[in-house]
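The values are calculated or read from the model by the stated rules, or taken from the named source; none is laboratory data. These numbers were taken from a predicted model, which means no experiment stands behind them. Here the Cβ positions follow ideal geometry from the backbone for every residue, glycine too, while neighbour counts run over all protein chains shown. Heavy atoms of the whole protein, side chains included, go into the accessibility calculation; ligands, DNA and RNA do not. Shrake-Rupley method; radii C 1.70, N 1.55, O 1.52, S 1.80 Å.
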Amino acid sequence: MKTVGEINQRIKEGNVCVVTASEMKELVSELGAEKAAKEVDVVTTGTFGAMCSSGVFMNFGHSDPPIRMQRVWLNDVEAYTGIAAVDAYLGVTQLSEKSGEYGGAHVIEELVSGKEVSLKAISKGTDCYPRKEIISEVALDDLNQAVMLNPRNAYQRYNAATNSSNQILQTYMGTLLPHFGNVTFAGCGEISPLNNDPEYRTIGVGTRIFLCGAKGYVIGEGTQHCPPYGTLMVRGNLKEMKPEFMKAAVFPGYGVTMYVGIGIPIPVLNTEIAKATAIRDEEIWTKIIDFGVPRRQRPTIKKVNYAELKSGKVEINGEEVRVSSLSSLYIAGKIMKELEKQIKSGEFFLTAPVERLSGECVFRPMRQEEVKFVKSVMAQAITIEPETLIEEASRIMIEKSINHLPVVKEGRLVGIITSWDVAKAVAMKKAGGVAEIMTRKVITTMPDEPVEVAARKMEKHNISALPVVDAKNRIVGMVTSEDLSRLLAR
Amino acid sequence: MLQLKFDPKAVKKPIISLATIETSTLLNIIRASVGPREGELVVEVEDGKAERVADILRSYGVDVHSMEEAVEKDEERCVHCGLCISICPVEAIGFSKERKVVIDTSRCIHCGSCVTVCPTKALKLP
């Protein structure tokens with residue numbers, strides 16, 4: 001019905017009809033897809049969210065005498081230098097060696113804001129590149145090239161997160177409160193680029209896009225592309241980007257990432273494409289998954305659509321749970337408007353893809369050795385009862401040369417004492433039953449938990465042993481950090 | 001609203017009860033975190049009596065701050081994602097019509113939960 005060439009001609013003549021994805025939905029329901037396709041030439045879509053798989057290729061230019069940078073740091077954040085002498089790739093999630101709250105994303109944001117950053121590079125020195133160290137300051141203008149190249153951006157949809165466990169979890173999906181205390185989700189739903197072109201008819205290799213304020217390009221499907229959880233690999237010139245369309249971010253306990261703004265124009269070439277751009281949040285489904293289970297296969301709590309997620313509340317197990325977004329609908333909306341303005345004013349022309357994105361899912365699990373479970377390393381537990389005297393407990397510890405004694409009542413775990421608790425009791429001249437000195441809130445593991453998960457629990461709680469219990473809190477064994485380090489050292 | 005901070009000495013005394021008796025004023029505890037060595041409370045007091053209550057509390061060695069201002073948002077850094085919304089225990093944060101994050105400052109209890117979770121560090125307590 002229409003070609004990209006014809007649309008570009010209208011852009012040149014100044015009579016192109018551009019609407020945002022939000023407006024298009026109204027238009028199609030009002031006029032029908034056929035009529036809307038005739039009237040509208042371009043639909044602008046937008047998304048603004050945390051996109052960890054992002055970074056910048058830089059070329060620093062050569063110093064005198066020249067250096068082959070083997071390692072380079074920008075504001076103490078290391079960039080990858082396994083490429084040519086003064087090329088490097090700075091990833092947004094790379095952490096500063098001085099602070100856990102500063103990383104690659106912050107360096108990139110500072111450069112885009114016009115600030116200087118410190119540069120330090122070292123090398124072993126070669127005949128052609130004799131210099132061994134350089135310390136300098138660089139601004140964006142000093143770089144020969146600064147190209148943002150993001151392997152995985154603009155997720156079409158994304159699993160929402162919640163937490164069934166009894167502890168606060170700090171994740172890349174934000175802070176998740178215990179006992180299904182909240183739900184977080186990512187993605188902009190019905191205004192997000194790929195949802196408006198789910199067959200990838202117009203978004204493909206070579207599609208010109210809006211990337212953080214600059215003109216950029218889609219260079220292929222992103223890593224882990226798995227329709228309808230499609231992703232894009234994109235590039236754009238960092239020197240043309242604007243700070244208002246990117247933002248460095250920190251997820252406490254997890255690390256640094258960057259909010260990236262992407263806008264993609266969809267040429268309405270025919271009725272089918274118009275129909276696709278009319279998609280509503282109610283039709284875009286995803287899953288809420290439970291981060292309380294720290295495994296690759298996290299259980300699905302329920303299916304939800306983006307309308308429910310955006311409403312701010314969902315129901316889980318009969319209770320209303322509050323929902324937060326990680327993406328910004330406000331800035332995504334601003335991007336759609338900005339792109340609309342640029343097309344209307346003749347600053348932005350559309351491109352037809354030179355190759356289509358794959359409709360296939362390529363997202364296999366990692367090839368790895370068999371997962372090792374707690375049951376293969378746990379030892380038999382020696383237990384005591386709440387009435388056991390402290391003195392008796394200390395005798396058992398010495399006799400069996402162990403440091404932890406789980407306390408059991410009627411077969412169920414009710415507490416734990418350590419050799420440190422006993423030493424403290426002696427120092428404070430406490431006698432009597434161990435119930436007095438035991439820790440009642442016991443951190444436990446289960447036989448079918450992977451050893452890495454058990455090790456993480458010990459590290460997080462700064463403890464050196466975990467009682468192994470079954471679903472009914474009956475003790476079935478004991479695992480210590482010694483058991484684990486023996487296993488992991490092998 | 002008063003924010004009270006206790007040192008190891010003050011934390012051992014039944015200070016809220018003492019202040020209630022001595023000023024004949026009801027103190028509504030909004031938030032409490034009391035450990036063996038220090039404590040922090042947020043209490044609501046009738047406006048007219050806040051000064052007197054604060055004086056009494058200070059005489060027991062409590063560090064008292066009046067909480068007239070709510071959490072502050074840096075509009076340059078806020079990206080309006082809304083991650084803070086579901087974390088706020090008193091539902092003081094929400095979206096405006098145009099989907100911008102707005103804070104109902106009169107509801108804020110200075111807990112700092114939103115400050116911790118804000119990914120762009122746009123929030124701070126005064």
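Report the residue count in region B:112-126 for those that are under 19 Å from A:Arg322 (Cα atoms) and either more than 8 Å from chain A (Cβ to nearest Cβ) or of a type in the set (Ser, Thr, Tyr) (or both). Give the steps one after another, and end with the answer.
Here is the first cut: in region B:112-126, the ones under 19 Å from A:Arg322 (Cα atoms) are B:112-119.
Applying the additional criterion that residues be either more than 8 Å from chain A (Cβ to nearest Cβ) or of a type in the set (Ser, Thr, Tyr) (or both) yields B:112-116, B:118.
Here the count works out to 6.
A search for C-beta distances below 6 Å between a residue of region A:1-26 that is closer than 19 Å to A:Gly204 by Cβ and any residue that is open to solvent by less than 50 Å² (accessible area, probe 1.4 Å) and part of a helix (DSSP H, G or I), counting only pairs 6+ apart in sequence or on different chains, returns A:Ala21/A:Ile191; A:Ala21/A:Asn196. Consider region B:73-111 and keep the residues that are at pLDDT below 90 and surrounded by 14 or more Cβ atoms within 10 Å (Cβ to Cβ). The one that is nearest to the other protein chains (Cβ to nearest Cβ) is B:Cys111.
Which ones in region A:386-400 are under 22 Å from A:Val469 (Cα atoms) and either part of a helix (DSSP H, G or I) or without any contact (Cβ under 8 Å) to a residue 40 or more places away in the chain (or both)? It would help to see each step written out before you state the result.
Narrowing region A:386-400 to residues under 22 Å from A:Val469 (Cα atoms): A:386-388, A:393, A:396-397, A:400.
Within region A:386-400, A:Ala393, A:Ile396, A:Met397, A:Lys400 qualify.
Residues that are at negative phi and within 14 Å of another protein chain (Cβ to nearest Cβ) within region A:230-254 comprise A:Lys242, A:Pro243, A:Glu244, A:Phe245, A:Met246, A:Lys247, A:Ala248, A:Ala249, A:Val250, A:Phe251, A:Pro252, A:Tyr254, listed in sequence order.
Name the residue, out of A:Leu149, A:Leu90, A:Leu95, that is in contact with a helix residue (DSSP H, G or I) (Cβ under 7 Å, 6 or more places away or on another chain), modelled with pLDDT of 95 or more and not small (Gly, Ala, Ser). Among A:Leu149, A:Leu90, A:Leu95, only A:Leu90 is in contact with a helix residue (DSSP H, G or I) (Cβ under 7 Å, 6 or more places away or on another chain), modelled with pLDDT of 95 or more and not small (Gly, Ala, Ser).
Does region A:281-301 include one or more residues that are under 24 Å from A:Ile343 (Cα atoms), assigned by TED's automatic domain parsing to the domain that holds A:Asp197, in contact with a strand residue (DSSP E or B) (Cβ under 7 Å, 6 or more places away or on another chain) and crowded, with 21+ Cβ neighbours inside 10 Å? Please lay out each step first, then the result.
First, pick out the residues of region A:281-301 that are under 24 Å from A:Ile343 (Cα atoms): none.
Looking through region A:281-301, none of the residues is under 24 Å from A:Ile343 (Cα atoms), assigned by TED's automatic domain parsing to the domain that holds A:Asp197, in contact with a strand residue (DSSP E or B) (Cβ under 7 Å, 6 or more places away or on another chain) and crowded, with 21+ Cβ neighbours inside 10 Å.
Against the conditions (1) part of a helix (DSSP H, G or I); (2) open to solvent by less than 30 Å² (accessible area, probe 1.4 Å); (3) not aromatic (Phe, Trp, Tyr), A:Glu23 satisfies every one except (2).
Given the conditions (1) open to solvent by less than 70 Å² (accessible area, probe 1.4 Å); (2) in contact (Cβ under 8 Å) with a residue 12 or more places away in the chain, which single one is not true for B:Lys49? Single failed check for B:Lys49: (1).
In this structure, is A:Val407 β-branched (Val, Ile, Thr) and not in a helix (DSSP H, G or I)? Spelling it out, A:Val407 is indeed β-branched (Val, Ile, Thr) and not in a helix (DSSP H, G or I). Restricted to strands (runs of 3 or more DSSP E) entirely inside region A:255-367, those with at least 1 residues that are within 14 Å of another protein chain (Cβ to nearest Cβ) and more than 26 Å from A:Pro151 (Cα to Cα) are A:313-316, A:319-325.
Among the residues of region A:237-254, those that are of a type outside the set (Phe, Trp, Tyr), farther than 17 Å from B:Ala122 by Cα and either open to solvent by less than 10 Å² (accessible area, probe 1.4 Å) or not in a strand (DSSP E or B) (or both) comprise A:Leu238, A:Lys239, A:Glu240, A:Met241, A:Lys242, A:Gly253.
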